[in-house]
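Nothing in this text is a laboratory measurement; each read-out follows from the coordinates by a stated rule. Quick caveat, the model's predicted, so the values are computed rather than measured. A quick note on method: Cβ atoms are made from the backbone with ideal geometry, for glycine too, and the neighbour counts reach across all protein chains shown.
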Amino acid sequence: MSKVIASITTSVDGYVAGPDDGPGCGLGVGGERLHYWVMGGPWTYESEHDPGQMGGADKEFFDALVGGFGSGICGRGMYDAAGAWGGTNPFGGKLYVVTHRTEDQPDPETGFVFVDGFDRAMELAKEAADDKDVAVGGGADVIRQALAGGYVDVLAISVAPVVLGGGRRLFEGFEHDLDLEKLSVHSSQYATHVTYAVKR
């Protein structure tokens, strides 16, 4: 059965990006440390970095997480901060980008679809997933909308061993009460990945 799976990486103090994140600064000041686990070790925006270098518990977690994805949703902030991933969707299936600025929609061949509104993006992503899972990625606002709307079946939070002290918090302003059931834990030197079922 198709599931909606939300996943994101935070610092120990709950930030998903450091200060001044956005185009040209990616995950913000010091924020690249959140994704050491994705890159298989330390990296910077100026150095060569390849998401395919992850290994061990990080890869085991990642492969289990993404194996059934048929489509995805992210926010415009993530899309812009990632530099539109070089202009081509690197993920499986179409990626629906939630944005109020749809007039600069890229060529559909890129795999990106701009949608004005989270609920509509979810509707389209579920249709496109064709019984596979729908991935909900960053940023924090998109994750919060997915949880608040009752869409999320599985929540995966990776906690990197770093305190950022500022930036964007995952649950800033979130006032919903949710019960979670722990499904799995994977841990490496770069992150502890906990996967939860969202109880209804």
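Just from the alpha-carbon atoms, what are the Rg and Dmax of the range 7-144 in angstroms?
Final numbers for Rg and Dmax: 14.8, 42 Å.
Taking θ = phi - 60°, what integer Hz values does the Karplus form 6.51 cos²θ - 1.76 cosθ + 1.60 yield along the range 170-178, in sequence order, with x for Gly and Pro?
4, 10, 4, x, 7, 10, 8, 9, 10
Rounded to the nearest 500 deg cm²/dmol, what is the calculated helix-only ellipticity per residue at 222 nm for the chain, with -39500 (n - 2.57) per DSSP H run of length n ≥ 4?
Value at 222 nm, helices only, nearest 500: -6000 deg cm²/dmol.
Please give the Cα centre distance for the range 44-110 versus the range 1-38, rounded to the nearest Å.
Each part's Cα centre sits 12 Å from the other's.
Looking only at Asp104, Asp141, Asp58, which one moves most when the chain is put into a Gaussian network model with springs between Cα atoms under 10 Å?
Of Asp104, Asp141, Asp58, the Gaussian network model singles out Asp104 as fluctuating most.
Please tell me which of these pairs span more than 18 angstrom C-alpha to C-alpha: Lys3/Lys59; Lys3/Lys126; Lys94/Lys126; Lys94/Lys132; Lys3/Lys94; Lys132/Lys182?
In this structure, Lys3/Lys59; Lys132/Lys182 exceed 18 Å between Cα atoms.
Would you work out the relative contact order for the range 23-139, in percent, from Cα pairs under 8 angstrom that are 6 or more residues apart?
Once divided by the residue count of the range 23-139, the mean separation gives 27 percent.
Name the aspartates and glutamates eligible as straight-distance cross-link partners of Lys199: C-alpha to C-alpha under 18 Å, and not fewer than 8 places from it in the same chain.
Asp133, Asp153, Glu175, Asp177, Asp179, Glu181
Which GluC sites (Glu not before Pro) in the range 4-48 pass both tests, a DSSP loop state and at most 16 other beta-carbon atoms within 10 Å?
Here the sparse-neighbourhood loop sites are Glu46, Glu48.
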